[in-house]
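Colleague: Questions regarding the structure given below will be posed in turn.
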Amino acid sequence: KNECAKLGISYLDMVSIHSPLTDRDRRLATYGALLELRDAGWVKSVGVCNFGLVPLQEIQEAGLDLPVVNQLELSPFNQHKDVVDWCQKRGIFMGCGAWSKLSSADGPQDGWAVVAGIAQKKGMTKAQVLVRWALQKGYICVPRSSSASKVERMAIAENS
């Protein structure tokens, strides 16, 4: 509520719990508090990030409304098929936006030649190929970058 006042807005579009790495009771209490803010009109949607099957099932078993979005690090290299399938069957949108890790020196080595080949053939960057992959899978895609020109290139690729 205070953050909305500081920002000069009457509500937030979405608030997400960033990590499930705490105990079950604290996870459910935090999630329940966000649902209360939603019900009071301060938040329009509640989401989660990095939630696997166990914390998602805890929400369901507690009888709470399921999140609108589960944001994960999703890529051709890390598809989380079990979580994606569970969420999609229950109407939970999948979001992804962690490609900066994938393009670093510490990123996955297997498959990069394929992604690089596709990028070269299409005149795109590897990150743009991954954005397109995510959109074709039906995921909510939130590219991020510290460079405005990178964001612009991604936006162009998304809409072409």
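The values are calculated or read from the model by the stated rules, or taken from the named source; none is laboratory data. Remember, it's a predicted structure, so these values are computed and weren't measured experimentally. Accessible surface is based on the protein model in full, side chains and every heavy atom, while ligands, DNA and RNA are left aside. Shrake-Rupley method; radii C 1.70, N 1.55, O 1.52, S 1.80 Å.
Colleague: With no solvent and one equal point scatterer per Cα, compute the Debye intensity ratio I(q)/I(0) for the range 1-97 at 0.10, 0.19 Å⁻¹ and report its log10, rounded to two decimals.
Modeller: Listed by q, the Debye log ratios stand at -0.27, -0.91.
Colleague: Could you go through the range 26-37 in sequence order and give the Karplus-derived ³J(HN,Hα) for each residue, using 6.51 cos²θ - 1.76 cosθ + 1.60 with θ = phi - 60°, rounded to whole Hz, and x for Gly and Pro?
Modeller: These are the phi-based 3J(HN,Hα) values: 5, 4, 5, 5, 5, 4, x, 5, 5, 5, 5, 5 Hz.
Colleague: What full-extension length gain, to one decimal in nm, is calculated for residue 140 and residue 122 as 0.36 nm per residue of separation minus the Cα-Cα distance?
Modeller: Extra length available between residue 140 and residue 122 comes to 4.3 nm.
Colleague: Would you kindly derive the ³J(HN,Hα) couplings of the range 9-16 from the backbone phi angles with the Karplus curve 6.51 cos²θ - 1.76 cosθ + 1.60 (θ = phi - 60°), listing them in order in whole Hz, with x for Gly and Pro?
Modeller: Running phi through 6.51 cos²θ - 1.76 cosθ + 1.60 with θ = phi - 60° gives 10, 9, 7, 9, 5, 8, 10, 10 Hz.
Colleague: Run the 1.4 Å probe and let me know the accessible area of residue 81, rounded to the nearest 10 Å².
Modeller: Accessible surface of residue 81 is approximately 140 Å².
Colleague: Given H placed on each backbone N at 1.01 Å, which residues far from residue 14 in sequence or on other chains put an amide H within less than 5 Å of it?
Modeller: Under 5 Å from the amide H of residue 14 lie the amide H atoms of 44, 45, each far enough along the sequence or on another chain.
Colleague: Let me ask another. Which whole-Hz ³J(HN,Hα) couplings does the range 133-142 yield from phi under the Karplus relation 6.51 cos²θ - 1.76 cosθ + 1.60, θ = phi - 60°, glycine and proline marked x?
Modeller: 4, 5, 5, 5, 7, x, 7, 6, 10, 10
Colleague: Here is a further query. Taking H placed 1.01 Å from N in the peptide plane, check which residues at least 5 places from residue 95 or on another chain put their amide H under 5 Å from its amide H.
Modeller: The list, which skips near neighbours in sequence, is 70, 71, 72, 140.
Colleague: Give 81/126; 44/89; 44/81; 44/126; 1/81 a once-over and call out the pairs whose C-alpha atoms are over 31 Å from each other.
Modeller: With Cα atoms farther than 31 Å apart: 44/126; 1/81.
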